[in-house]
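To keep things clear, I will list the structure first and then write my remarks on it.
The values are calculated or read from the model by the stated rules, or taken from the named source; none is laboratory data. The structure displayed is predicted, hence computed values, not measured ones. No Cβ is skipped: glycine too gets one built from the backbone with ideal geometry, and neighbour counts run over all protein chains shown. Accessible surface areas use protein heavy atoms only, side chains included; no ligands, DNA or RNA. Shrake-Rupley method; radii C 1.70, N 1.55, O 1.52, S 1.80 Å.
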Amino acid sequence: MFTELNSILNSTPDSFTQGEFILVSDRRSDASFLIHHFLSLYLRARCRVWFLGLVQSFNHYSAVSQRLGVSLAQAKEKGQLVFLEGLKESLSVLIPQETNTGSQAMDFLRDPAVGLKSLYEFVRSSVSSSSGRDEGADGAEEWGPPVLLVDDLSVLLSLGVSVGAVLDFSHYCRATVCSQLQGNVVMLARCDGEEEEDDEDDEGSERLLKGLTHQCSLTLHVQGLPTGYCRDIHGQVEVCWRRRQGDGQHAQKKVFQYKVHDKGASFFARGTSSAVL
Amino acid sequence: ETMKQYCGSVMAAPMSSAGKPSAERSPFNTTSFQKKTRSRLISIPGTRPSVQNGQLLVSTGVTSLDYLLGGGLAVGTVLLIEEDRYDSYSRMILKYFLAEGVVCRHELFVAAAHDNPDDILQELPAPILDDVAIHKPVEQPRLSCEPQDSLDAMKIAWRYQNLPKVQSALASSSRFGHYYDVSKTMEPEIRQAAKCHRFYLPEHPTQSSPTHSTMLQSYSALLKSLQEVIHREGFEVAAPMSKSRNILRIGLHSLGSVLWGDDLCCHDNPSNSHALTTFLYGLRALLRSSLSVAVVTVPSHLIQDRALMGSITRLCDNAIALESFKGSERETNPLYKDYHGLLYVRQVPHLNCLASKLPDHKDLAFKLKRKQFTIEVCSSISHDLLRQRISVISGGVFLLKKIVGQQLLRTKVRTGNYIT
């Protein structure tokens, strides 16, 4: 986890806001480094984590987490981490075999028009069954609230799932994990077009992003610098707190610049990069 | 056991020891990377570990492209090449990639819908190596008293005469990245020494039963064929370590084109808009779990939907685009006389790490020379664009043109608008 980001978000492994739906998004950039942050943060916080890794292999996340000081293999063994390796599971759907093993989570690949019900069922049954078990703890480890991480939602659009189905899925996940179980959800959504352009092409991603923004309580939006490529500053992150307080909805925004290193990322106020000062 | 550990993205060295490979390199710069650690490491000819993150790399066959991709193509990843208008240079790079595979003794898988893969294989460029040898059968050792009338007979070092000549080839083929003479085609004997798998679409008739997903029949059949070869020939990372390991180089020509039965290139709203992306997802799944590397060419200039191109790019790991000058006004523009076209690096992956340090990828142009495919930073591009920009400014600032132009060129700041 990135310590500077923790202080920005006012979260530590010991204390963080529960029931949060966090949207991580990027526009012509790559926000996946933030997913690694949240993964290591919640594992350190001793939460049970359900990770839907739809775009990379388990080894990729494992290698990065190791650099951040967390062992995914150990977490999996202890039962703290449940990892859905989307790529691996997809092969049995895309290339039908006689023996169809594996979960039905990736069944939407067969007919994306049907939607993500099977994927949600996988999450719901997995999360609910474990929380039931914890209550009657017979020497089992005490874990924190459940956390669901999704990397990423946009690939579902590429695979033919409609925007409405993805929004339904995120809504149901939020209802189950955040509202019912007081856990947290972190999802990554990606965009290609420029915000100002009236881009007909990327309508799907834009609509998805807008829909998710309304559902979430905290957004982290990653973009490149408006002035172009810079070796020392990789981009900017716009953090937006959308807390619902009383009657109105307070939205507090802050913009930071960041640089990703080998073992983490540093965040700083605009113009205060050590390369510049 | 070691292989399973690195399933998905093949690492040449465990994470903790990454970063110190050079000390153990042998003087011939071989790719057998021997380090004294507990676990046995992969040593496959024609590969080398990345200095950034220890990942196993192969050469694309074009040394300057290897550099742009961070040292080479990572095993387990896909390189997308957006074809130039006439598919001349993209096809050339595909052939370099396959030729490099032959020289490194990797196995090949070539798929095409229009051209017969055999034709592509016969057009591979000839490698420039003095000592690339053809596998000669080992001769019986002769007694020293026998008369040796052959001119090749060694008089003094007779003991070495009957050693198989292929040993010198091993030293040369273990070099990372080779050079090719495009005016000659590869000798059939050298080419036939490599094992090639072919997928020629007309040979796979469409079945009457519907597909099991949104993929087209053609892509479905291709994915199935790929999985079969990977499994049968032992390229799965999880395969037993009993036999020596090798790399499978996969070349997929012109996916998305009409010839594959896809309508991405003909319609603004294609009916199968997710067929190719679903295939690429399955391809990524296959690659992450095997010792293979793929180059896919796509006629992107025919695809109108930019968001779709973005999805296709993101489902590949590395992505470059070629823009040839042929037929455009730049062909006769003196600024570009040294080059054949422009090259854009759309995407490079950072697998197994948070971020990667890569060379600046702006303003690249390429030239296909007889013995080398060069890619270099072309200052003409920024000059040209700058000239277009400045000419828009009204005549009142005519005097400032030169000064401003030079100053802007000197600073490294570039706005996103420059490169359109």
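So the values come out like this:
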{"quantity": "Subset of the range B:229-280 that is part of a loop (DSSP other than H, G, I, E, B) and among the basic types (Lys, Arg) - its residue that is nearest to residue B:217 (Cα to Cα)", "calculated": "B:245"}
{"quantity": "Residues that are under 14 Å from residue B:279 (Cα atoms), open to solvent by 10 Å² or more (accessible area, probe 1.4 Å) and β-branched (Val, Ile, Thr), drawn from the range B:298-327", "calculated": "B:313"}
{"quantity": "Pick from the range B:104-121, criterion open to solvent by 10 Å² or more (accessible area, probe 1.4 Å) and under 17 Å from the mean Cα position of the chain (by Cα), ranking: nearest to residue B:195 (Cα to Cα)", "calculated": "B:107"}
{"quantity": "Number of the exception - residue A:13 against (1) touching a Lys or Arg at 6+ places or on another chain (Cβ under 6 Å); (2) within 12 Å of chain B (Cβ to nearest Cβ)", "calculated": "(2)"}
{"quantity": "Residue list for the range A:158-167, restricted to those being open to solvent by 10 Å² or more (accessible area, probe 1.4 Å) and within 16 Å of the chain's Cα centre (by Cα)", "calculated": "A:167"}
{"quantity": "Answer from A:49, A:82 - the residue that is open to solvent by 30 Å² or more (accessible area, probe 1.4 Å) and in a strand (DSSP E or B)", "calculated": "A:82"}
{"quantity": "Qualifying residue in the range A:245-262 (condition: modelled with pLDDT of 80 or more, assigned to a loop (DSSP other than H, G, I, E, B) and within 14 Å of another protein chain (Cβ to nearest Cβ))", "calculated": "yes"}
{"quantity": "Selected residue (criterion: farthest from residue A:96 (Cα to Cα)) from residues of the range A:110-126 that are of a type in the set (Lys, Arg) and part of a helix (DSSP H, G or I)", "calculated": "A:124"}
{"quantity": "Pair list, Cβ < 6 Å and 6+ apart or interchain, from the range B:198-221 residues that are within 9 Å of another protein chain (Cβ to nearest Cβ) and in a loop (DSSP other than H, G, I, E, B) to residues that are modelled with pLDDT under 90 and open to solvent by 70 Å² or more (accessible area, probe 1.4 Å)", "calculated": "B:212/A:110; B:213/A:110"}
{"quantity": "Test for residue B:283: is it buried (at least 24 other Cβ atoms within 10 Å of the Cβ), part of a helix (DSSP H, G or I), within 19 Å of the chain's Cα centre (by Cα) and more than 9 Å from chain A (Cβ to nearest Cβ)", "calculated": "yes"}
{"quantity": "Failed item, numbered, when residue A:120 is tested on (1) within 14 Å of another protein chain (Cβ to nearest Cβ); (2) at pLDDT 90 or above", "calculated": "(1)"}
{"quantity": "Residues within the range B:293-308 that are under 20 Å from the mean Cα position of the chain (by Cα) and within 14 Å of chain A (Cβ to nearest Cβ), tallied", "calculated": "1"}
{"quantity": "Residue satisfying condition, being crowded, with 23+ Cβ neighbours inside 10 Å and touching a Lys or Arg at 6+ places or on another chain (Cβ under 9 Å), within set B:220, B:213", "calculated": "B:213"}
{"quantity": "Residues being without any contact (Cβ under 8 Å) to a residue 60 or more places away in the chain and either out of contact with any Leu (no Cβ under 9 Å at 6 or more places or on another chain) or open to solvent by 60 Å² or more (accessible area, probe 1.4 Å) (or both) - total across the range B:370-387", "calculated": "5"}
{"quantity": "Any hit, the range A:111-118, residues being within 29 Å of residue B:228 (Cβ to Cβ) and in contact with a Gly (Cβ under 7 Å, 6 or more places away or on another chain)", "calculated": "yes"}
{"quantity": "From A:40, A:62, residue being assigned to a helix (DSSP H, G or I) and open to solvent by less than 10 Å² (accessible area, probe 1.4 Å)", "calculated": "A:40"}
{"quantity": "Some residue of the range B:319-331 being within 30 Å of residue A:230 (Cα to Cα), of a type outside the set (Ser, Thr, Tyr) and out of contact with any helix residue (DSSP H, G or I) (no Cβ under 9 Å at 6 or more places or on another chain)", "calculated": "no"}
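So that you can scan it fast, the table gives a plain yes or no per residue for (1) at pLDDT below 80; (2) buried (at least 16 other Cβ atoms within 10 Å of the Cβ):
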position: B:25; (1), (2): yes, no
position: B:41; (1), (2): yes, yes
position: B:76; (1), (2): no, yes
position: B:79; (1), (2): no, yes
